């Protein structure tokens, strides 16, 4: 029982990270119909940039901020220079983003080498906290859960309670109609891309702190973003949250109870969802 | 332009085949075994993607994984250094590998067939990467990180076929030529035309009475065979298979070959594979061996940005430009 609860809590904290990465991915996908397959690279970029800033300044909060902001700007640049002018050619955009991910991964490898890097979080986050039934649990992981919950709520409110959010939701449903209504969709796309990229960069620093940063992590977070979006349905924040929780739990339970077949369970999850709802749990038919 | 297009194309195909047959007698063994053979077996895998994408409109990123499934199935039914699996005589092992890979391909097809375009690309990518993480983690069947080493290669006149550059090259060429011709033939048959109808307009094809799902799954099954044989040849060539063969880099490699060559025609897969293998071997002298991915990634990026129909598209445009100049 104790083990089960700990594993479940681990699953939820991993899910928090997956959610933060995938929510940007799914919003970009939903709004622009373009899959940014360099999303994992943005995560890794955030991790390394944050690490570098942390090394220079010795300040973890600054690292967090730098990871998020620099990657948001780089994401915007990536969108404007590479993806924006081929709007509507979704396959070509996907291929361009794959090319970018190959180049970014190799540049990061050249700069930072293949060692595994770890952050030094602030003192108070390194403690563990006593939880009923579970015992000591790292405060860092719990705060990750809270951060993800907070960001999720802010995003949900922003998307469902503001004019800007209404425009995005309208864009997910029908972007041509939206631009016919006089909304500057290009500007909307850039903003959504910046938010999505910034969240990926932020997650890079958070993930690097809770786990670690190393080459190849981009593939892991790309896979989790893909599966979360496939399971949850594109363009839906609630879908991303539910998808992330399912993927996180399935992965951690699998690792604990079926160690060598954990990734097989992801197939089972994906197959089950696709058989039942091809557009994902919260997705609507495109 | 008096000759019909089809005749001209077949003429090109024959010229290409003649060149491929003569090639090993004109160059040193390194160029036969280390450049020629890998171009052909990677080309086979890229050909399966080129077929699905070009004629079915389905950019499946799981084709390297299909090859990897065949590779693992072959390694597990051959004598290997880890003594894992059940050794079978090599024809049975190959048959088993192809069968397993085609079944896997059908599974991929079923998952992907209900979706289209970009969603299909995502699902197949997720399937491919999931397989990589599975074999990397699982040590009971796939021997995790190390994979299966020292896989036995069939022998001819008491020597492993892989050790004889020309023998191995011509085996690769034979398989590649059969499937290249097979696909060129298939796309002109009613079944191939139905596939292209589904690509162009699934709803109209369905209204005409075609089962869109069945056609897509059948295309995946058909594409599974060349991919699987490419995987078999790849394992014989390397005498091993490991998670590194089917990782994101491997998945991207096949995509890069097919796209850089050009998806419009099956020959693009082989053109792309030749270029990829050449760069892989000579990157050391251009940018340093460690930065191969930077080089190939930039080339891929340049192609999708400026010539999305690949090198074939560039060739076609050059030809058109020359013809219009001649006409002027």
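The values are calculated or read from the model by the stated rules, or taken from the named source; none is laboratory data. What you see is a predicted model; the values in this text were computed from it and never measured. Note that we place each Cβ from the backbone using ideal geometry, even for glycine, and neighbour counts take in every protein chain shown.
From B:45, B:21, which residue is in contact with a helix residue (DSSP H, G or I) (Cβ under 9 Å, 6 or more places away or on another chain) and closer than 22 Å to residue B:221 by Cβ? Show your work before the answer.
Numbers: B:21 fails: closer than 22 Å to residue B:221 by Cβ.
Just one listed residue meets the conditions, B:45.
Name the single residue, out of those in region A:98-120 being assigned to a loop (DSSP other than H, G, I, E, B) and within 18 Å of residue A:66 (Cα to Cα), that is farthest from the other protein chains (Cβ to nearest Cβ).
Of region A:98-120, the ones assigned to a loop (DSSP other than H, G, I, E, B) are A:113-116, A:118-120.
Restricting the remaining residues to those that are within 18 Å of residue A:66 (Cα to Cα) gives A:118-120.
On the way: A:118: 22, A:119: 24, A:120: 29 Å.
Per the stated criteria, the residue is A:120.
Every residue, every condition in (1) surrounded by 24 or more Cβ atoms within 10 Å (Cβ to Cβ); (2) at pLDDT below 90; (3) within 14 Å of chain B (Cβ to nearest Cβ); (4) under 17 Å from residue A:41 (Cβ atoms), yes or no:
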position	(1), (2), (3), (4)
A:181	no, yes, no, no
A:184	no, yes, no, no
A:189	no, yes, no, no
A:196	yes, no, no, yes
A:201	yes, no, no, yes
A:205	yes, no, no, yes
A:208	yes, no, no, yes
A:221	yes, no, yes, yes
A:225	yes, no, yes, yes
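Can you find a residue in region A:238-251 that is out of contact with any helix residue (DSSP H, G or I) (no Cβ under 7 Å at 6 or more places or on another chain) and either modelled with pLDDT of 85 or more or assigned to a helix (DSSP H, G or I) (or both)? Step through it out loud before you land on a result.
Of the residues in region A:238-251, the ones out of contact with any helix residue (DSSP H, G or I) (no Cβ under 7 Å at 6 or more places or on another chain) are A:238.
Then drop every residue that is not either modelled with pLDDT of 85 or more or assigned to a helix (DSSP H, G or I) (or both), which leaves A:238.
Yes, some residue in region A:238-251 is out of contact with any helix residue (DSSP H, G or I) (no Cβ under 7 Å at 6 or more places or on another chain) and either modelled with pLDDT of 85 or more or assigned to a helix (DSSP H, G or I) (or both).
If residue B:124 satisfies all but one of (1) at pLDDT below 95; (2) in contact with a helix residue (DSSP H, G or I) (Cβ under 6 Å, 6 or more places away or on another chain); (3) more than 14 Å from chain A (Cβ to nearest Cβ); (4) outside any loop (DSSP other than H, G, I, E, B), what's the number of the condition it fails?
Answer for residue B:124: the failing condition is (3).
Name the single residue that is surrounded by the most Cβ atoms within 10 Å (Cβ to Cβ) among those in region B:280-294 being under 17 Å from residue B:251 (Cα atoms) and more than 7 Å from chain A (Cβ to nearest Cβ).
Within region B:280-294, the subset under 17 Å from residue B:251 (Cα atoms) is B:280, B:292-294.
With more than 7 Å from chain A (Cβ to nearest Cβ) added as a condition, the list becomes B:280, B:292.
On the way: B:280: 18, B:292: 20.
Step by step, filter region B:280-294, then rank; the result is B:292.
Can you tell which of B:232, B:225 is surrounded by fewer than 23 Cβ atoms within 10 Å (Cβ to Cβ) and assigned to a helix (DSSP H, G or I)? Break it down stepwise before answering.
Numbers: B:232 fails: surrounded by fewer than 23 Cβ atoms within 10 Å (Cβ to Cβ).
Being surrounded by fewer than 23 Cβ atoms within 10 Å (Cβ to Cβ) and assigned to a helix (DSSP H, G or I) holds for just one of B:232, B:225, which is B:225.
Could you tell me which of the residues B:214, B:197, B:191 is within 30 Å of residue B:95 (Cβ to Cβ), touching a helix residue (DSSP H, G or I) at 6+ places or on another chain (Cβ under 8 Å) and in a helix (DSSP H, G or I)? Show your work before the answer.
Values: B:214 fails: touching a helix residue (DSSP H, G or I) at 6+ places or on another chain (Cβ under 8 Å); B:197 fails: within 30 Å of residue B:95 (Cβ to Cβ).
One residue alone meets the criteria, B:191.
Output the number of the condition that residue B:142 fails; it satisfies all remaining conditions of (1) touching a residue at least 12 places away in the same chain (Cβ under 8 Å); (2) part of a helix (DSSP H, G or I).
(2)
Which is over 13 Å from the mean Cα position of the chain (by Cα) and in a helix (DSSP H, G or I), of A:279, A:275, A:219, A:200?
Values: A:279 fails: in a helix (DSSP H, G or I); A:219 fails: over 13 Å from the mean Cα position of the chain (by Cα); A:200 fails: over 13 Å from the mean Cα position of the chain (by Cα).
So the residue among A:279, A:275, A:219, A:200 that is over 13 Å from the mean Cα position of the chain (by Cα) and in a helix (DSSP H, G or I) is A:275.
Can you report the number of residues in region A:229-269 which are within 9 Å of chain B (Cβ to nearest Cβ) and either farther than 25 Å from residue B:143 by Cα or touching a strand residue (DSSP E or B) at 6+ places or on another chain (Cβ under 8 Å) (or both)? Give the steps one after another, and end with the answer.
Residues of region A:229-269 that are within 9 Å of chain B (Cβ to nearest Cβ), as a first pass: A:229-230, A:234, A:255, A:259-264, A:266-267.
Keeping just the survivors that are either farther than 25 Å from residue B:143 by Cα or touching a strand residue (DSSP E or B) at 6+ places or on another chain (Cβ under 8 Å) (or both) gives A:229-230, A:234.
So the count comes out to 3.
Only one of (1) at negative phi; (2) not in a helix (DSSP H, G or I) fails for residue B:209. Which number is that?
Result: residue B:209 passes all but (1).
So which of B:111, B:103, B:134 ends up being under 23 Å from residue B:53 (Cα atoms) and at the interface with chain A (Cβ under 8 Å from one of its Cβ atoms)? Reasoning before the result, please.
Working: B:103 fails: at the interface with chain A (Cβ under 8 Å from one of its Cβ atoms); B:134 fails: under 23 Å from residue B:53 (Cα atoms).
After ruling out the rest, the residue left standing is B:111.
Assess whether residue B:151 counts as being farther than 26 Å from residue A:91 by Cβ, away from every other protein chain (no Cβ under 14 Å) and outside any helix (DSSP H, G or I). Walk me through it before giving the result.
Values: farther than 26 Å from residue A:91 by Cβ: yes; away from every other protein chain (no Cβ under 14 Å): yes; outside any helix (DSSP H, G or I): yes.
Here the answer is yes, as residue B:151 does meet what is asked.
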